[in-house]
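Structure first, then comments.
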Amino acid sequence: MPPLVLASASPIRAALLRNAGVAVECHPARIDEDAIRAALTAEGAHPRDQADALAEMKAAKLAQRFPAAVVIGCDQVLDYGGTVFAKPDTPDAARAQLLALRGRTHKLLSAVVVYHQGGPVWRHVGEVRLTMRDFSDEYLEDYLTRNGTDVLDSVGGYKLESEGVRLFSGVEGDYFTVLGLPLVALLGYLGQRGMIPA
């Protein structure tokens, strides 16, 4: 079986694969995500297409370095009515995003693209709909204080696997997709193609 390479520095994605019994090497793909996302937005690309394009760029970059490997590229986009939210870069930016999402529904789009033998062989975009509760201003300030820079590590300013779950009144979709990797679909593909034992 060919080696598996995850084109990501995300400890959560790596842990999801390893916890599922999949041996994977992790190498971040050095691309300018902000510039690419800005260009895609300027072109009017749909949020789903932005997630897919970024995932493919990451996989393509690492496939050049590891031509014998199966390379997995991932990206996640928060789609709020067609507006894309990126990871906030300051606590104030996180506060603004959370206030915009408060009491409303948004989508998380988690794309995965698999490269093998120099080209893309499979792609998938998982979608989850999340509804935030109408939390108080006081709770928001306490949440930001308690979670510090942790809120800057994910799109939207929350992590569903930690206190961020308390911001929500409803989640429709796959939990792994919320964490940034449509794991069940990916494992199904890798197993069917003989890239992992199945």
Condition met for Ile31 (in a helix (DSSP H, G or I), among the β-branched types (Val, Ile, Thr) and out of contact with any strand residue (DSSP E or B) (no Cβ under 8 Å at 6 or more places or on another chain))
no
Leading residue by the ranking (surrounded by the fewest Cβ atoms within 10 Å (Cβ to Cβ)) among those in the stretch 154-168 that are touching a residue at least 60 places away in the same chain (Cβ under 8 Å) and closer than 15 Å to Asp142 by Cα:
Leu167
Index of the failed condition, Phe176 passing every other in (1) of a type in the set (Phe, Trp, Tyr); (2) touching a Pro at 6+ places or on another chain (Cβ under 7 Å); (3) surrounded by fewer than 20 Cβ atoms within 10 Å (Cβ to Cβ):
(3)
Only listed residue being more than 16 Å from Ser154 (Cα to Cα) and modelled with pLDDT of 95 or more, chosen from Ala42, Ala51, Ala69, Ala38
Ala69
Here is a list: Gln76, Gln97, Gln50. Which entry is in a helix (DSSP H, G or I), under 26 Å from Thr149 (Cα atoms) and under 12 Å from the mean Cα position of the chain (by Cα)?
Gln50
Could you please give the count of residues in the stretch 82-103 that are hydroxyl-bearing (Ser, Thr, Tyr) and within 14 Å of Gln50 (Cα to Cα)?
1
Residues to consider are Arg133, Arg123, Arg129; find the one that is touching a residue at least 40 places away in the same chain (Cβ under 8 Å), more than 19 Å from Ser8 (Cα to Cα) and in contact with a strand residue (DSSP E or B) (Cβ under 8 Å, 6 or more places away or on another chain).
Arg129
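The values are calculated or read from the model by the stated rules, or taken from the named source; none is laboratory data. These figures come from a predicted structure and were not determined experimentally. Quick reminder, even Gly has a Cβ in these numbers, built from the backbone with ideal geometry, and neighbours come from all protein chains shown.
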